[in-house]
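What follows is a short report on a single structure.
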Amino acid sequence: MSSIFTKIIKGEIPSYKIAENEHFYAFLDVFPLVHGHTLVVPKKETDYIFDLSSSELEEILIFSSPLAKAIEKAFPCKRCGVAVIGLEVPHAHVHLVPIQSADDLNFTRPKLKPTQEELQSAQRAILDQLNQQ
């Protein structure tokens, strides 16, 4: 059975796409910890991040790097935090989150419920920074 992320990658569920290549897809988390919270997923449906090959693990970080830099510029933060939790969806993924402190990566906190306009604004802000790189 396809994960929700596979359905997003295939376009069966709409998303706020940030970037895509042959192997990875990045999009905004629609229930983010903070505005700009982005998910990076491999297109190959793999449950657990450490079931990815060594080269795929390397590639997901390389793919994520310019996105993290764009997020840092698009949202006032000390840095873009990276988290791998692996419990929410049975599809490997990396969270890129603009943070002020380590507490901003506390996934037990209530998530935001942004409007469509707020999500579009966050998407534009990140894409604008990506286009300037």
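Straight-line cross-link reach from Lys69 at under 21 Å between alpha-carbon atoms covers these lysines, not counting any fewer than eight positions away in the same chain: Lys17, Lys78.
Taking 13 Å as the straight-line reach from the Cα of Lys10, the aspartates and glutamates in range (excluding those fewer than 8 positions away in the same chain) are Glu20, Glu22, Glu45. In plain terms, if you count all Cα to Cα distances in the chain and split them into 10 Å steps from zero, the share in each step is 13, 46, 36, 5 percent. With contributions of -39500 (n - 2.57) from each DSSP H run of at least four residues, the per-residue ellipticity at 222 nm computed over the chain stands at -11000 deg cm²/dmol.
In debye, nearest 20: dipole of the range 51-133 around its Cα centre with unit charges on the Cβ of K, R (+) and D, E (-)?
Numbers: 8 positive and 11 negative charges, 74 e Å.
Once rounded to the nearest 20, the dipole reads 360 debye.
Surface analysis of the chain yields an accessible area of 56 Å² per residue, using protein heavy atoms and a 1.4 Å probe.
Rolling a 1.4 angstrom probe over the range 10-130 with all protein chains present gives an accessible area of which 55% lies on carbon and sulfur atoms. Net length available on complete extension from Lys17 to Leu52 is 10.4 nm, with 0.36 nm assigned per residue and the Cα-Cα distance removed.
The values are calculated or read from the model by the stated rules, or taken from the named source; none is laboratory data. All figures in this text were calculated on a predicted structure; none of them were measured in a lab. Positions of Cβ are generated from backbone atoms using ideal geometry, with glycine treated the same way; all protein chains shown enter the neighbour counts. Ligands, DNA and RNA are excluded from the accessible area calculation, which covers all protein heavy atoms including side chains. Shrake-Rupley method; radii C 1.70, N 1.55, O 1.52, S 1.80 Å.
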